[in-house]
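See below for the structure under consideration.
The values are calculated or read from the model by the stated rules, or taken from the named source; none is laboratory data. What you are looking at is a predicted structure, and each value in this text was computed from that prediction instead of being measured. Cβ placement follows ideal geometry from the backbone for every residue including glycine, while neighbour counts extend to all protein chains displayed.
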Amino acid sequence: MKRKKVAFFDFTCCEGCQLQVANFGEALLDVLEAVDVVEFREVMSEKADEYDVAIIEGSITTPHDVERIKDIRSRSKVMIAYGSCATIGGINGMKNSFKMDDVKSYVYGESGKYFETIPTMSVGQVVDVDYFVNGCPIYPPEFVKILKYALMGIPYTVKDEAVCVECKANENECMYEIGLTCMGPITNAGCNSWCVNNGNICYGCRGMVKETTKNASVEVLKKYDIPIDWIMGKYDMYNKSSESEDMK
Amino acid sequence: MSRSVNVDVKYLTRVEGHGNIVVNVKDGKLEECRLEIVEAPRFFEAMLRGRSIFEAQHITSRICGICACGHTISSIQAAEDAIGFTPSEQTKKLRKILLYQEMLDSHLLHIYLLVAPDLLGVKSFVPLIDTHSNVVKRALRMKKACNDVCEILAGRHIHPISAIVGGFTKIPGEAELDGMLNILYEMRPDMDSTVELLKALAPGIPTFERETEYVALVTDDDEYPTLEGDLGSTAGLRLDKKDYKKITNEFVVPHSSAKHAKASAKSYMTGALARFNLNADKLHPKAKAVAQALGMKPIVYMPYYNTAAQLIECMHYMEESIAILEGLKENGTDKSEAVTVGLNELKSIEVHKGNGVGAVEVPRGLLFHNYEVDQGGKITNANCIIPTGQNLNNIEHDMSKLIYEILDKSDEEITLMFEMLVRAYDPCISCSAHFLDVEFVGR
């Protein structure tokens with residue numbers, strides 16, 4: 001069976017997700033044997049014209065990004081968006097709470113007018129995406145699993161479950177029990193409750209669960225008497241892009 | 001000589017982030033040379049307004065994947081400085097290990113994957129998988145080892161989980177200390193091989209030289225400063241970190257979304273070479289031996305040798321991490337110091353109005369975070385000054401001098417020399433963007 005042509009691209013991001021891939025260690029060489037990496041700017045100078053699977057990191061935040069992602073999509077059979085910046089806009093979306101002119105002039109002063117920026121969007125808000133790997137950064141076992149699905153051409157749906165499911169299975173003490181606010185109840189599972197396992201709260205980096213599961217979280221807030229604005233501030237950290245208009 | 005050269009490298013490869021190199025020489029005279037940073041700006045400083053200082057670490061970590069720990073620690077330092085919180089000695093030691101492991105991880109990635117291909121005459125490490133498979137495996141193995149140490153200490157390297165304002169959410173016990181030590185002990189032979197490799201490749205490192213000012217943390221004790229210190233330079237500057245603006249003097253140039261910086265001279269360099277030039281006498285003995293083997297003695301004015309300085313630091317930071325861990329194991333750690341602050345809902349840390357600065361050495365140089373905080377602990381103003389941004393001015397001055405020295409070479413050779421120059425600085429472009437759009441005014 002011919003190896004699939006795979007390419008990695010990055011848009012507006014911190015490049016942390018592609019670094020997670022680089023951190024597979026020697027196992028990375030096994031991945032590289034299974035696929036033919038034809039383009040990956042950060043580590044290779046080679047380029048290609050067409051891709052079987054294009055793997056995208058980063059959000060869309062400039063008109064140039066919009067052009068570029070549409071071009072790549074037109075030359076790719078399958079597209080994977082990995083990392084929260086690509087799947088839900090991520091931390092880059094916090095900018096959307098402000099006016100574009102305001103953030104430009106705050107950072108660059110007078111010269112702000114030379115810089116182009118549009119409200120942050122996820123990749124899926126501009127082109128069709130076939131697979132989503134949430135997380136900031138990605139959780140490597142989940143990435144490998146979804147990559148295999150993509151290479152085999154089998155559809156994959158992110159389970160509609162809250163992080164709490166994994167957190168309880170890991171026998172963590174609930175953050176609400178010690179008086180702290182945690183985004184676990186409304187965040188997509190799949191990270192194996194990574195942050196709570198390490199003693200910190202969940203910040204909701206993997207995006208919101210669907211409506212049905214969200215109702216359970218309202219119960220949690222009522223039970224612990226948490227003011228809604230404590231949650232809204234945290235919601236804005238990763239989920240603001242969903243409020244931008246699509247450009248499809 | 002009436003040579004004309006037009007170098008226009010779009011989306012430079014083997015650097016972190018998006019940059020273009022433009023060099024125009026007409027009839028032997030340099031018309032322009034620029035490192036255009038085309039990374040989209042993300043406006044972190046603007047986004048921090050209104051956020052709690054207890055969240056700043058989580059948010060600013062996302063400025064960069066490779067320097068996530070650096071941003072984390074600098075942010076925490078700025079926050080703690082603003083509210084007058086003093087971290088414990090144990091916390092400082094753990095923070096140092098985190099920073100040191102990130103230095104190792106970043107430097108090794110740079111040396112093996114970003115620079116070595118140029119010295120071996122290939123376009124990437126991919127062909128090396130066949131021709132130099134042991135070298136590639138070693139690189140990936142060492143990099144993963146740094147990650148594994150960070151995983152034990154802080155949950156993960158990229159966007160560490162347990163490092164927060166006030167300390168750490170989990171404290172390593174004996175099993176964890178042993179785990180980290182074993183990984184590092186096993187790294188020692190690989191580190192020796194890395195030194196041998198770079199010694200063999202060193203003759204290929206260009207010896208281009210330009211006198212400039214070097215800036216790094218300096219102290220009066222005998223530790224190679226990384227976590228804290230004053231700001232010092234080879235021109236004799238010494239300032240408290242709160243006066244960082246006197247050094248960085250950020251100014252906007254038309255073609256760069258990264259602001260430029262200059263201290264006493266017209267430009268300055270920060271990073272491994274700067275740290276070496278200012279603090280070489282404080283290096284671990286094994287690192288000093290590597291410096292000697294490479295023939296390096298301060299002050300080294302050759303920018304391409306930043307990579308060699310990084311190798312020296314790799315040896316230093318690996319040995320220093322081992323030393324700290326062995327010390328913690330001998331004296332025991334205090335697990336009761338573990339703290340989970342969240343948004344400070346429980347008011348476990350006292351906050352008040354203030355202005356704080358974090359100044360930390362990260363792989364590419366000095367990283368500053370500066371927060372103005374209101375009485376409720378919310379950020380009213382934020383400033384982040386990234387080492388790569390500080391280096392851009394220096395890179396362009398280097399480029400202006402270099403071109404005249406290689407004008408007689410072919411277009412390909414000139415282009416490669418310029419690419420290698422930028423790569424030697426190990427720019428972290430996502431961080432310092434403050435970076436520019438391709439279409440700019442005046443073109």
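Which residues, counting only those in the range A:171-190, are of a type in the set (A, V, I, L, M, F, W, C) and either away from chain B (no Cβ under 13 Å) or in contact with a helix residue (DSSP H, G or I) (Cβ under 7 Å, 6 or more places away or on another chain) (or both)?
A:Met175, A:Cys182, A:Met183, A:Ile186, A:Ala189
Confirm whether B:Pro172 is within 13 Å of another protein chain (Cβ to nearest Cβ), over 30 Å from A:Glu46 (Cβ atoms) and either of a type outside the set (Asp, Glu) or part of a loop (DSSP other than H, G, I, E, B) (or both). So that I can check it myself, show each step before the final result.
Numbers: within 13 Å of another protein chain (Cβ to nearest Cβ): yes; over 30 Å from A:Glu46 (Cβ atoms): yes; either of a type outside the set (Asp, Glu) or part of a loop (DSSP other than H, G, I, E, B) (or both): yes.
Judged against the criteria, B:Pro172 is a match.
When the range B:110-138 is examined, which residues are found to be farther than 17 Å from A:Phe24 by Cα and among the charged types (D, E, K, R)?
B:Asp118, B:Lys123, B:Asp130, listed by residue number.
Give me the pairs, please: first residue somewhere in the range B:184-198 and touching a residue at least 12 places away in the same chain (Cβ under 8 Å), second residue anywhere and among the hydroxyl-bearing types (Ser, Thr, Tyr), beta-carbon distance under 7 Å, and either six or more positions apart or on two chains.
B:Leu184/B:Ser321
Right, B:Tyr100: touching a Phe, Trp or Tyr at 6+ places or on another chain (Cβ under 7 Å) and closer than 23 Å to B:Gly332 by Cβ or not?
Considered against the rule, which asks whether it is touching a Phe, Trp or Tyr at 6+ places or on another chain (Cβ under 7 Å) and closer than 23 Å to B:Gly332 by Cβ, B:Tyr100 comes out as yes.
Can you pull out every residue in the range A:45-68 that is within 13 Å of chain B (Cβ to nearest Cβ), more than 14 Å from A:Thr117 (Cα to Cα) and surrounded by 22 or more Cβ atoms within 10 Å (Cβ to Cβ)?
A:Glu57, A:Gly58
Please determine, by comparing only the residues of the range B:350-386 that are assigned to a strand (DSSP E or B) and of a type in the set (Asp, Glu), which one is nearest to B:Ser74 (Cα to Cα).
Ranking the candidates gives B:Glu361 first.
Is it the case that B:Ile312 is within 19 Å of B:Tyr224 (Cα to Cα), β-branched (Val, Ile, Thr), part of a helix (DSSP H, G or I) and in contact with a Lys or Arg (Cβ under 7 Å, 6 or more places away or on another chain)?
Details: within 19 Å of B:Tyr224 (Cα to Cα): yes; β-branched (Val, Ile, Thr): yes; part of a helix (DSSP H, G or I): yes; in contact with a Lys or Arg (Cβ under 7 Å, 6 or more places away or on another chain): no.
Answer is no for this residue.
Restricting attention to the range B:148-165, and to residues there that are surrounded by fewer than 21 Cβ atoms within 10 Å (Cβ to Cβ) and touching a residue at least 24 places away in the same chain (Cβ under 8 Å), which single residue is farthest from the other protein chains (Cβ to nearest Cβ)?
Only one residue fits best here, namely B:Ile152.
Can you find even one residue in the range A:203-210 that is farther than 13 Å from A:Cys136 by Cβ and either within 11 Å of another protein chain (Cβ to nearest Cβ) or touching a Phe, Trp or Tyr at 6+ places or on another chain (Cβ under 7 Å) (or both)?
No, the range A:203-210 has no match at all.
Out of the residues in the range B:337-354 meeting the condition of being closer than 18 Å to B:Asp374 by Cα and of a type in the set (Val, Ile, Thr), tell me which one is farthest from the other protein chains (Cβ to nearest Cβ).
Per the criteria, the residue is B:Val351.
I'd like to know if the range B:192-201 contains one or more residues that are more than 22 Å from the chain's Cα centre (by Cα) and within 25 Å of B:His71 (Cβ to Cβ).
no
Here are A:Tyr149, A:Tyr156: which of them is under 28 Å from A:Val53 (Cβ atoms), among the aromatic types (Phe, Trp, Tyr), in a helix (DSSP H, G or I) and more than 11 Å from every other protein chain (Cβ to nearest Cβ)?
A:Tyr149
(1) surrounded by fewer than 17 Cβ atoms within 10 Å (Cβ to Cβ); (2) in contact with a Lys or Arg (Cβ under 9 Å, 6 or more places away or on another chain): which one isn't true of A:Lys2, the others all being true?
(2)
Considering each of A:Tyr108, A:Tyr149 in turn, give the residue that is aromatic (Phe, Trp, Tyr) and crowded, with 18+ Cβ neighbours inside 10 Å. Quick ask: steps written out before the conclusion?
Values: A:Tyr149 fails: crowded, with 18+ Cβ neighbours inside 10 Å.
When all the criteria are applied, what remains is A:Tyr108.
Inspect all residues belonging to the range B:242-260 and state whether any of them is at pLDDT 95 or above and of a type in the set (A, V, I, L, M).
No, that holds for no residue.
Can you tell me how many residues within the range B:44-86 are within 8 Å of chain A (Cβ to nearest Cβ) and within 20 Å of the chain's Cα centre (by Cα)?
9
Being within 11 Å of another protein chain (Cβ to nearest Cβ) and either in contact with a His (Cβ under 9 Å, 6 or more places away or on another chain) or at pLDDT below 85 (or both) is the requirement here; does A:Glu15 meet it?
Criteria not met by A:Glu15.
Could you run through the range A:88-112 and say how many residues are facing chain B (nearest Cβ under 8 Å) and either in contact with a Phe, Trp or Tyr (Cβ under 7 Å, 6 or more places away or on another chain) or among the aliphatic types (A, V, I, L, M) (or both)?
The qualifying residues number 8.
Of the residues that make up the range A:113-121, is at least one away from every other protein chain (no Cβ under 14 Å), of a type in the set (Val, Ile, Thr) and in contact with a Lys or Arg (Cβ under 7 Å, 6 or more places away or on another chain)?
No - not one qualifying residue is present in the range A:113-121.
Condition test on B:Tyr301, is it modelled with pLDDT of 95 or more, touching a strand residue (DSSP E or B) at 6+ places or on another chain (Cβ under 8 Å) and aromatic (Phe, Trp, Tyr)? Walk me through it before giving the result.
On the way: modelled with pLDDT of 95 or more: yes; touching a strand residue (DSSP E or B) at 6+ places or on another chain (Cβ under 8 Å): no; aromatic (Phe, Trp, Tyr): yes.
No; evaluated as a whole, the condition is false for this residue.
Please count how many residues of the range B:37-58 are under 30 Å from B:Phe418 (Cα atoms), surrounded by 24 or more Cβ atoms within 10 Å (Cβ to Cβ) and in contact with a Leu (Cβ under 7 Å, 6 or more places away or on another chain).
Count: 1.
Within the range A:208-238, which residues are within 10 Å of A:Ala162 (Cα to Cα) and either among the basic types (Lys, Arg) or at pLDDT 80 or above (or both)?
A:Met208, A:Val209, A:Lys210, A:Lys214 - these are the residues of the range A:208-238 that are within 10 Å of A:Ala162 (Cα to Cα) and either among the basic types (Lys, Arg) or at pLDDT 80 or above (or both).
When the range B:123-134 is examined, which residues are found to be surrounded by fewer than 18 Cβ atoms within 10 Å (Cβ to Cβ) and more than 9 Å from every other protein chain (Cβ to nearest Cβ)?
B:Pro127, B:Asp130, B:Thr131, B:His132, B:Asn134, listed by residue number.
Which condition does A:Glu219 not pass, out of (1) crowded, with 19+ Cβ neighbours inside 10 Å; (2) free of Cβ contacts under 8 Å to residues at least 24 places away in the same chain, if it passes all the others?
Single failed check for A:Glu219: (1).
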